[in-house]
Each structure stands twice: as structure tokens, then as C-alpha cells.
Amino acid sequence: MIAKKVSSAKKVTGNVVALLVAVFFAFPTYWMVSTALKPRKDLLTSGYDLVPFSVTGSNFATAWAKPGFLSALGNSLVVTLSAVLAAIVIGLLAALALSRMRFKGRKGFVMMLLVAQMAPFEALLIPMFLMMRDLDLLDRLPALALIYFAVTLPFCAWTLRGFVNGIPLELEEAAMVDGCGRWGAFRRVTLPLLGPGLVATSVFAFVTAWNEFLFALSLVKDQTKETLPVWLSGFQTAFGTDWGGAMAASTLFTLPVLVFFLIVQRKMVTGVTAGAVKG
């Protein structure tokens, strides 16, 4: 009886802690959306109401009508998707080589991937800027996509290596015994099993590239080529900050990531848990 009560108390405590953690992380998003729905006169009053008593869509209309929104959205989508797609393809090939092949320097290369992830973005800004300037690649979206590719590639290769390690090599060998070549065994056996890992890695890489601000601000000065994070900073001017418009624009900014996450949510959860156990 006592053991059941202790078990029940532990379960309730765990649920309460989980609920508090969820509220802690969800509250900034709630604050953003509720501020975006508030009329401007309510934003300028002292204090803050957790539940807005009056709701308006004028802030979203302001954000949508702000010059450059659609072009910035298109630029962000093109740069982010191209960088993530290239990083996933190259990272998958690197992960296969690191997991399935034995060659001299393999462990050192794996360690180099880990060190590359630890390097702060700020430390790479000046070398990247000088290199792009010397190559006459400033104000060019392909150059920005190339930088995002370089930033996300170590993470993709390192993470996918763990997923590949979790797939027994014997499955590929059995397929090759049945008549498949190496490429056929990979395409018919390994690749389908890597689906959840590819989805999970793609989501994290997408969020990293989508939210990047520093390189986009420093390397692209042409307003027609700026990305959404840089466009979003335009709500802060010398005369103040349009908080309603900024929060509405931030809400619109999160929608593509949210839609992408909802589409791949089931496979992403599978991939995250598999990567936590294997590799």
C-alpha cells in the first residue's frame, strides 16, 4: 500500500514538473501572440494583461503590408531550403563513410566535426566576410546559402552518423547476398530506416538556418535580398519600436517552421528517440 502511494506521488510530482517546464517554454510564444493581437493603445498602458480583453488584427495587417515582407520570406525560404537540402545530402554521405568504412584518420575527422560544432558563429564572421569580399560574393543569396550550408553541415554529419550506427550492417549484407548491389542495398534497406533520422536532423538544421541573423545582416546590404530576421529588425527605428507590428511579424515568422514541424512531427519524435538510444 505504501509502495503504491509513493509511486503515485512520484508520478504526480513528475507530471507537475513536466507541466511547469512546458508552461515555462510555451509562455514566450503565448506572450508574442497575445501582444500581436492587442490594440496599440493597450500596449502603451502600464502593466500587462495575461489575457487580452480586446483583440485586433491590425498589427498583422501592418506587418503584412510592411514593404519587403514577401521578398524577405522568399529569400529566407530559398536560402534555408537550399542550404539544408545540400547539408542533408552531403552530411548523409559523410555519415555513411564514417559509420561503414574504416580508414586512417576516421576518429580524428569525427572529432573535427565535434569541434566545428563548438565554434561560435561570431568567431567566423570576420573571416567569412573577408573571404566573401575578396571573392566578390557580398550581397549574393547563393553566398549566404553556402555559409548556412557550412554552418549546418557538421551538425548534420554528426547526427546522421549516430542514426546510421543504429542500423545493423548485417541488413545491408543480407540484401547484397540476395542480389542487391551496394547502392541497391542502401536505397532499399538503409535509406527507409533512416527516414526518421533524416526528418529530425532536417528540422534542427532548418531552424538553425531560418533563425540566423548575424551573417545575413553583415553580408547582405541590398534590401531586396534581405532575409526575414533582418527584415524583422526594421520594426525598431530611431523613433521607437512598434511592438504590436513586431510581435505580429514574429508570429508570421514562426509559421513556416511550425507548419513544417506539424507535418513531420511523428517521424521527428521517432528520430529523436532513436538517436538518443543508438550511436
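Here's the yes/no breakdown for (1) within 28 Å of Phe129 (Cα to Cα); (2) at pLDDT below 80; (3) of a type in the set (D, E, K, R):
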| residue | (1), (2), (3) |
| --- | --- |
| Ala205 | yes, no, no |
| Trp210 | yes, no, no |
| Lys225 | yes, no, yes |
| Leu232 | yes, no, no |
| Ser250 | yes, no, no |
| Val259 | no, yes, no |
| Ile263 | no, yes, no |
| Ala276 | no, yes, no |
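Please specify each residue of segment 206-245 satisfying the condition of being in contact with a Leu (Cβ under 7 Å, 6 or more places away or on another chain) and more than 29 Å from Leu153 (Cβ to Cβ).
Trp243, Gly244
Scan segment 166-178 and report the pairs whose first residue is part of a helix (DSSP H, G or I) and whose second residue is of a type in the set (Ser, Thr, Tyr), with Cβ atoms within less than 8 Å and a gap of 6+ or a chain change.
Correct list of pairs: Leu171/Thr190; Glu172/Thr190.
Among Ala61, Ala95, which is crowded, with 20+ Cβ neighbours inside 10 Å, of a type in the set (A, V, I, L, M, F, W, C) and either touching a Ser or Thr at 6+ places or on another chain (Cβ under 9 Å) or within 23 Å of Val33 (Cβ to Cβ) (or both)?
Result of the check over Ala61, Ala95: Ala95.
Can you name the number of the only condition in (1) modelled with pLDDT under 90; (2) under 14 Å from Asn75 (Cα atoms); (3) not basic (Lys, Arg) that Ala143 fails?
Result: Ala143 passes all but (1).
Every residue, every condition in (1) out of contact with any Leu (no Cβ under 7 Å at 6 or more places or on another chain); (2) under 17 Å from Thr227 (Cα atoms); (3) modelled with pLDDT of 90 or more, yes or no:
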position: Val78; (1), (2), (3): no, yes, yes
position: Ala87; (1), (2), (3): no, no, yes
position: Leu113; (1), (2), (3): yes, no, no
position: Ala119; (1), (2), (3): yes, no, no
position: Leu124; (1), (2), (3): yes, no, no
position: Leu138; (1), (2), (3): no, yes, no
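Would you mention how many residues in segment 220-245 are part of a helix (DSSP H, G or I) and either of a type in the set (Ser, Thr, Tyr) or open to solvent by 10 Å² or more (accessible area, probe 1.4 Å) (or both)?
Restricting attention to segment 220-245, the residues satisfying the condition of being part of a helix (DSSP H, G or I) are 223-225, 228-235, 243-245.
Still in the running and either of a type in the set (Ser, Thr, Tyr) or open to solvent by 10 Å² or more (accessible area, probe 1.4 Å) (or both): 223-225, 229-230, 232-235, 243.
So the count comes out to 10.
The values are calculated or read from the model by the stated rules, or taken from the named source; none is laboratory data. No experiment lies behind these values; they were computed from the predicted model shown. All Cβ positions, even for glycine, are placed from backbone atoms using ideal geometry, and neighbour counts span all protein chains on display. Ligands, DNA and RNA are excluded from the accessible area calculation, which covers all protein heavy atoms including side chains. Shrake-Rupley method; radii C 1.70, N 1.55, O 1.52, S 1.80 Å.
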